[in-house]
1. Dipole size in debye (nearest 20) for segment 7-92 around its Cα centre, Lys and Arg Cβ +1, Asp and Glu Cβ -1?
2. V30's amide H: which non-local residues (gap 5+, or another chain) put their own amide H closer than 5 Å, with H modeled 1.01 Å from N in plane and none for Pro or chain starts?
3. Let me check I have the definition right: for segment 7-92, take the eigenvalues of the Cα gyration tensor, multiply each by 5, take square roots. What are those semi-axes in whole Å, largest first?
4. Under a 5 Å amide H to amide H cut-off, with H placed in plane at 1.01 Å, what residues pair with H16 once short-range neighbours are removed?
5. Pop out the ³J(HN,Hα) list for segment 55-66 in order, Karplus 6.51 cos²θ - 1.76 cosθ + 1.60 with θ = phi - 60°, rounded to Hz; leave Gly and Pro as x.
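Please treat every number below as a calculation from the coordinates, not as lab data. Note that the structure is a prediction, hence the values are computed from the model and not measured. All Cβ positions, even for glycine, are placed from backbone atoms using ideal geometry, and neighbour counts span all protein chains on display.
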Amino acid sequence: MTSTEKKIGFEELCKHNTLEDLWLAIDGIVYDVTPFMDDHPGGGEIMLSAANKDGTDDFEDVGHSPHARELLKKFKVGVFEGEFGDEAPLTKKKKGGRDDVSIGGNAILGMVLPILVLLCAIMAYYMGMQR
């Protein structure tokens, strides 16, 4: 890091956490990946899941190619400074923009639906045994 590089803290990072404006912190470097959202092979939603946190593990777990790592360099906006918080600070929603998108928004449905299917199967089994 040079002394002229822009230092970006957690609060600033969290101001850029939408599909229309997304910054990611990877290996201590902050990148504005907004221009790449439509071109990302996994889609913008997968990139959004790495917002508001240290996205290094998410980036490394996918096994990005050397080309992807080189491409990432052109989106650098600064270096991350400080600590990652447990939760993103509240940010004002942009007028006309989308609300925050939650990748795990259907987590409850994902847990409840299999239970309901199982209950229906059990009920159907017992109803069939009574005939």
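1. Charge dipole, segment 7-92, about its Cα centre: 340 debye, nearest 20.
2. For V30, the qualifying residues are V77, G78, V79, F80.
3. Numbers: eigenvalues 76, 39, 28 Å².
In descending order the semi-axes read 19, 14, 12 Å.
4. The answer is W23.
5. Each residue's phi maps through the Karplus curve to give x, 4, 4, 4, 5, 6, 4, 6, x, 4, 6, x Hz.
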